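Here is the structure we will look at.
The values are calculated or read from the model by the stated rules, or taken from the named source; none is laboratory data. On a predicted model such as this, the values are computed, not experimentally measured, just so you know. Heads up, the Cβs are rebuilt from the backbone with ideal geometry, glycines too, and the neighbour counts pull from every protein chain shown.
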Amino acid sequence: MAIEIRVSRGTDGVTLSILNGTSGGAIGPEPAVVVGPIVIDQSGTDPATGPANGGGGPGTNPPPGPGGGPGINPPPGPGGGGPGINPPPGPGGGGPGTNPPPGPGGSAFGSGLVVIGPIVITGAGGGAAPNFIPSTFPLKHQEMAYWCWVAVTEAVKEYFSPSTKLTQCEVATAVLTATKQIGANTNCCTDSAACNVPATLQDALGVTHNLHCAIRGPLTWEDIKTQLGGTPRKPICVRIEWDDHAGGHFIAIYGYREFTSGIRQVLVADPLFPEGTAAYVLYEDILNFYDQFGYWSDTFLVTP
Amino acid sequence: MPLERPSAPSQAAAAFNKDLPNFLAGPLFPSGGGIVSAVSLSPQPALPTISDLTGAGATLDHDPQEVFVLGMQDIHDGKDLSAATPAGWRFFAGSAPGKVVIGYASQRPPNGDYRLTALTFGAAPFLVLQQSLALDSLSPLQNNNNRYSLRFLRVPGLNVEAFWLFAGANAPDLFVPSPAGADQLQSQLAGQQWYDSSALLSILQTLTADRIKYPAPYGS
């Protein structure tokens, strides 16, 4: 893929834009690309009124995110460890990083030379592996009364890693052990009653290395479309808080429809549904009237 | 005595009928226009069409049930089942397996008019409809002069739902957990087909005492 780098200088400084050289649009999901350093010779032009101490580039340099994690490994107990759920490490890529410090040779504007880089470009979709092909979103009915978080986590893991077949009890064991809600020797597959407890989806998705970030509140309609329609397409995990502030529930949004009339619907997978059941809910009502009693309190964005 | 199945307010039924096509498979969306964009990460259960739901001359909406919601906090505060608040109506449409939907019509802002807020489709609605229709054969209703009127109770914080056979002042109300039997997630509600008010409340109080220890950001 050709990459076009545009450098423009305005009254507020130098702007660096990195574009798809073919389409002129945003960078798509490609393996990491290193560009630079780029040297801009300003000799013979008016000095810029940039920062006196200079610095490096304007910081469009997310470093590669962490590679695929080591899988779900419950800490070893005294007897030598739990069942050890080890999905294979991801093939690399990862979430967006943060801006690194200025590149080497950064110099003050007005010295005649501006050095930018090196620039490391990761995929705009958050670092999906080049050969990632999302499977269908396989949310199943929660197997225990308080296991909505288990069912959602299991579905997200299987969506991004179709070859990883985890049972709900395996997910529960790993998460509850990691959060110390159960003892290290407790196995939810043989003692499910001890494991029938609520948990946080932030913890659960963190254990499976599928949590990109947790956001307080709902997503806008445009953000929903971006998550579901982006590359890769990602389900949206939602916490519903019940109106009496006593209890919450986790569901997933895995589709949407938008009509010319302005009607907007989200496609909901609720782990309380039996298998083979789904719901379309008006976007306006999933915000504060889900199941006649709940509001969208938190969002969990996920990553492969 | 047969189970009384109340009619929904005409505005609720009208909203269901008017808005339902916009939740179905199309291609006709009378008030929705056309679809601008649609995405699904997964093959979804088949959405019926209007003709699927009205085959053999069936009316579009049937078996309306008023939905009542009881908050876990109310149970924790010592309130009884009379604290459940009405939250709208649910309607069934269709009658064949895989071709039944449940729509929820409630009064919503900005002007309090009824609108269809959600539609459940796929495998479950047919099963729920079957359970609802079978309520007439419930043993307490046989050879009994008590009058029962059908409602639907939800206790979201506990993941409990039940058909509510409301008797008023004449007799204890009866509750039939949904789903029933082995499909019921709360084991305390899986052992019997029905519970009276005091038995259900006792179970809900026990469940609440346990569940309420997990505030936000926990979920169940």
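Tabulated results
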| item | result |
| --- | --- |
| Members of the stretch A:186-217 that are under 15 Å from the mean Cα position of the chain (by Cα), of a type outside the set (A, V, I, L, M) and farther than 17 Å from residue B:215 by Cβ | A:206, A:208, A:209, A:210, A:212, A:213 |
| Pair list, Cβ under 8 Å, 6 or more apart: the stretch A:193-212 residue more than 19 Å from residue A:145 (Cα to Cα), other residue charged (D, E, K, R) | A:208/A:157; A:210/A:157 |
| Residues of the stretch B:18-38 satisfying the condition of being surrounded by fewer than 17 Cβ atoms within 10 Å (Cβ to Cβ) and either assigned to a helix (DSSP H, G or I) or acidic (Asp, Glu) (or both) | B:18 |
| Tally of residues being more than 7 Å from chain B (Cβ to nearest Cβ), among the aromatic types (Phe, Trp, Tyr) and either buried (at least 22 other Cβ atoms within 10 Å of the Cβ) or not in a helix (DSSP H, G or I) (or both) across the stretch A:274-295 | 2 |
| Residue satisfying all of: in the stretch B:182-198; part of a helix (DSSP H, G or I) and touching a residue at least 12 places away in the same chain (Cβ under 8 Å); nearest to residue B:87 (Cα to Cα) among these | B:197 |
| Residue check, residue A:233 over 19 Å from the mean Cα position of the chain (by Cα) and not polar (S, T, N, Q) | no |
| Output for the stretch B:39-49, where each listed residue is out of contact with any helix residue (DSSP H, G or I) (no Cβ under 6 Å at 6 or more places or on another chain) and surrounded by 15 or more Cβ atoms within 10 Å (Cβ to Cβ) | B:40, B:41, B:42, B:44, B:45, B:47, B:48, B:49 |
| Answer from A:297, A:261 - the residue that is under 20 Å from residue A:200 (Cβ atoms) and among the small types (Gly, Ala, Ser) | A:297 |
| Complete set of residues in the stretch B:65-90 that are at positive phi and either assigned to a strand (DSSP E or B) or touching a residue at least 12 places away in the same chain (Cβ under 8 Å) (or both) | B:88 |
| Counted residues, the stretch A:209-225 - those being part of a strand (DSSP E or B) and either outside the structural domain of residue A:296 (by TED's automatic domain parsing) or of a type in the set (Lys, Arg) (or both) | 1 |
| Among residues of the stretch A:151-178, those that are within 23 Å of residue A:232 (Cβ to Cβ), surrounded by 24 or more Cβ atoms within 10 Å (Cβ to Cβ) and among the β-branched types (Val, Ile, Thr), counted | 4 |
| One residue from B:178, B:220, B:202 being surrounded by fewer than 15 Cβ atoms within 10 Å (Cβ to Cβ) and of a type outside the set (A, V, I, L, M) | B:202 |
| Total residues in the stretch A:206-226, condition within 12 Å of chain B (Cβ to nearest Cβ) and surrounded by 22 or more Cβ atoms within 10 Å (Cβ to Cβ) | 1 |
| Options B:175, B:126: the member that is in contact (Cβ under 8 Å) with a residue 24 or more places away in the chain, aromatic (Phe, Trp, Tyr), part of a helix (DSSP H, G or I) and more than 9 Å from every other protein chain (Cβ to nearest Cβ) | B:126 |
| Of residues in the stretch B:129-153 being in contact with a Phe, Trp or Tyr (Cβ under 7 Å, 6 or more places away or on another chain) and within 14 Å of chain A (Cβ to nearest Cβ), the one nearest to residue B:6 (Cα to Cα) | B:151 |
| Number of the condition not met by residue B:170 [criteria: (1) assigned to a loop (DSSP other than H, G, I, E, B); (2) within 11 Å of chain A (Cβ to nearest Cβ); (3) not small (Gly, Ala, Ser)] | (2) |
| Hits in the stretch B:91-105 (condition: at the interface with chain A (Cβ under 9 Å from one of its Cβ atoms), modelled with pLDDT under 95 and assigned to a strand (DSSP E or B)) | none |
| Residue check for residue A:251: buried (at least 23 other Cβ atoms within 10 Å of the Cβ), β-branched (Val, Ile, Thr) and touching an Asp or Glu at 6+ places or on another chain (Cβ under 9 Å) | yes |
| Residue list for the stretch A:189-205, filter: hydroxyl-bearing (Ser, Thr, Tyr) and surrounded by 18 or more Cβ atoms within 10 Å (Cβ to Cβ) | A:200 |
| Residue list for the stretch A:245-255, restricted to those being touching a residue at least 40 places away in the same chain (Cβ under 8 Å) and within 7 Å of chain B (Cβ to nearest Cβ) | A:248, A:249, A:250, A:254 |
| Residues satisfying the stated conditions in the stretch B:14-28, i.e. in contact with a Phe, Trp or Tyr (Cβ under 8 Å, 6 or more places away or on another chain) and either among the β-branched types (Val, Ile, Thr) or over 30 Å from residue A:232 (Cα atoms) (or both) | B:14, B:15, B:16, B:21 |
| Residues that are in a strand (DSSP E or B), surrounded by fewer than 22 Cβ atoms within 10 Å (Cβ to Cβ) and at the interface with another protein chain (Cβ under 7 Å from one of its Cβ atoms), drawn from the stretch A:259-273 | A:259 |
| Output for the stretch B:145-167, where each listed residue is in contact with an Asp or Glu (Cβ under 8 Å, 6 or more places away or on another chain), surrounded by fewer than 20 Cβ atoms within 10 Å (Cβ to Cβ) and assigned to a loop (DSSP other than H, G, I, E, B) | B:147, B:167 |
